[in-house]
């Protein structure tokens, strides 16, 4: 069964550095998402992406964050000038369409630790 | 924002059925009811979804109340691998994001 894959599984970075989290969505999916989960808290939506544009973003997704689909397979989340509070699990997801009956399929996440 | 209400935790025994309830009294006519689960150290995993009729798949069954204000996820024979946090989420037409609540932490006893 096709799945969403994320790399790296764990990223440790010094505060103030930039990080890029990578995702390979399911190949015939057209909508891509990033979510994050701070330890012990809820999964929170960050951004959705379709047709090379951001289609929806949350308040969390400020100028520090950006997303890109640099080629036909990868979908990346870049965090500039990381802060301690950016430490979290970051999950990528994809879906075939934006219809409310379409499930989103998640990767197993990247654990980001900011020192 | 979550629009669903679930018990914080439930416990069951291995090989017994589990019924996980969810209330969504403000659901609108076009909202789908989705269930996801999150196993320890993994990302959320889609389980099942439905609109009005009860649904079955290889993982679970979804029973939807006639007024659609509540639903129940049914695991017919729980295994230890079913221990997870289960999320009931409304799929809202036109909205792309999933809004996760705290979910129900399901513990399965051997």
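Nothing in this text is a laboratory measurement; each read-out follows from the coordinates by a stated rule. All figures in this text were calculated on a predicted structure; none of them were measured in a lab. Ideal geometry is used to build each Cβ from the backbone, glycine not excepted, and the neighbour counts take in all protein chains shown.
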Semi-axes in Å, largest first, for the range B:55-110 (Cα gyration tensor, √(5λ)) are 23, 15, 10
Does chain A classify as rounded, prolate or oblate by the C-alpha gyration tensor (a ≥ b ≥ c root eigenvalues; a/c under 1.5 gives rounded; else a/b over b/c gives prolate, otherwise oblate)?
prolate
Zone reached by a paramagnetic label modelled 7 Å from residue A:41 Cα along Cα→Cβ, restricted to the range A:71-115 with backbone N below 15 Å, covers A:83-91, A:112-114
For the range A:41-104, go through all pairs of different Cα atoms, get the mean of 1/r, take its inverse, and jot down that Kirkwood value in Å.
13.2
Per residue, the convex hull volume that the Cα atoms of the range B:21-60 enclose (Å³):
96
Taking beta carbons within 10 Å but only from partner chains, what does the mean come to for residues A:34-44?
3
Give, in nm to one decimal, the length gained when the segment between residue A:13 and residue A:28 is fully stretched (0.36 nm per residue of separation minus the Cα-Cα distance).
2.1 nm
Using the Cα atoms of the protein assembly as shown to build a convex hull, what is its mean projected area in square nanometres?
12.3
Choice from A:83, A:42, A:57 with maximal GNM fluctuation in chain A (Cα, 10 Å cutoff)
A:42
Across peptide A:51-59, how many C-beta atoms of other chains are within 10 Å of each residue C-beta, on average?
1
State the three equivalent ellipsoid semi-axes of chain B, derived from the C-alpha gyration tensor as the square roots of 5 times its eigenvalues, in descending order and whole Å.
22, 15, 12
Between residue B:28 and residue A:97, what is the spin-label point distance in nm, taking each point 7 Å from the Cα along the Cα→C-beta axis?
1.9
Which order do peptides B:78-84, A:10-16 fall in by mean Cβ count within 10 Å, highest first?
B:78-84, A:10-16
Under a GNM of chain B (C-alpha, springs under 10 Å), which listed residue has the highest mean-square fluctuation: B:30, B:72, B:52?
B:30
Per-residue average of other protein chain Cβ atoms inside 10 Å, peptide A:19-28 -> 0
Point-to-point label distance, residue B:53-residue A:60, nm (Cα→Cβ direction, 7 Å offset)
3.7
Fluctuation leader among B:85, B:55, B:47 - chain B, Gaussian network, Cα springs under 10 angstrom:
B:55
Any idea how far apart residue B:16 and residue A:84 come out in nm if each label point goes 7 Å out from Cα toward Cβ?
4.5
